Amino acid sequence: MIDNKEVIHHFYTAFQQLDASAMNACYSYNIVFSDPVFLVLEGVEVTAMWEMLCRNARDFSLTFSEIELLDEEYATCRWVATYTFSKTGNKVVNQVKAHMKLKDGKIVEHSDAFRLSTWIGQALGWKGVLFGWTGWMKRKVQKGARKGLNSFMGSAH
């Protein structure tokens, strides 16, 4: 039997090394991912997102801890990514709780939870601090992330 804890450990170790291929190898073909920035992504959108994020990462470091198996298919993990946000040059420390569903040694569902307003404040500076809590600012960030991903997917990456 495949150890789900080991799959998650492998995923985040690959993330520490910005190895999107190794990260994506931990996912099932029909992976479903969600987070406050990208909302819901499926399949190749998910793998492209990790490729894009790993390729664009600057001054990146990641720690992970508390991998907890809730039962034979559900698990959680905490991780913290520290990096320079490329669009503004601002430092971001994103504290995340991941929720995953695993089946046959692959992650089939992955949801990352973090406070979007905090992320916006760090990433965008004073404008983000002042307006990051508003619905229109959150939607602007989400639309920008989706546009960036679509552009990345449309280019020969």
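Which condition number in (1) surrounded by 14 or more Cβ atoms within 10 Å (Cβ to Cβ); (2) out of contact with any Phe, Trp or Tyr (no Cβ under 6 Å at 6 or more places or on another chain); (3) within 16 Å of VAL37 (Cβ to Cβ); (4) not aliphatic (A, V, I, L, M) is the one that GLY125 fails?
Every condition holds for GLY125 apart from (3).
If you check ILE107 against the conditions, is it part of a strand (DSSP E or B) and touching a Cys at 6+ places or on another chain (Cβ under 6 Å)?
yes
Of the residues that sit in region 114-157 and are of a type in the set (Val, Ile, Thr) and more than 17 Å from the chain's Cα centre (by Cα), which one is farthest from VAL44 (Cα to Cα)?
Selected residue: VAL129.
Let's see how each residue does on (1) aliphatic (A, V, I, L, M); (2) over 30 Å from SER21 (Cβ atoms); (3) touching a Leu at 6+ places or on another chain (Cβ under 8 Å):
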residue	(1), (2), (3)
HIS110	no, no, no
SER117	no, yes, no
ALA123	yes, no, no
LEU130	yes, yes, no
GLY148	no, no, no
SER151	no, no, no
GLY154	no, no, no
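If you take just the strands (runs of 3 or more DSSP E) that sit entirely in region 1-72, which of them hold at least 3 residues that are under 13 Å from MET100 (Cα atoms)?
Hits in region 1-72: 27-35, 61-69.
Here is a yes/no grid of residues against (1) out of contact with any strand residue (DSSP E or B) (no Cβ under 8 Å at 6 or more places or on another chain); (2) surrounded by 19 or more Cβ atoms within 10 Å (Cβ to Cβ); (3) on the phi > 0 side of the Ramachandran plot:
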site	(1), (2), (3)
ALA20	yes, yes, no
SER28	no, no, no
TRP50	yes, yes, no
ALA57	no, no, no
LEU69	no, no, no
TYR83	no, yes, no
SER86	yes, no, no
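No lab work stands behind these numbers, since they all come straight from the coordinates. Everything numeric here is computed off the predicted structure, so don't read it as measured data. Note that we place each Cβ from the backbone using ideal geometry, even for glycine, and neighbour counts take in every protein chain shown.
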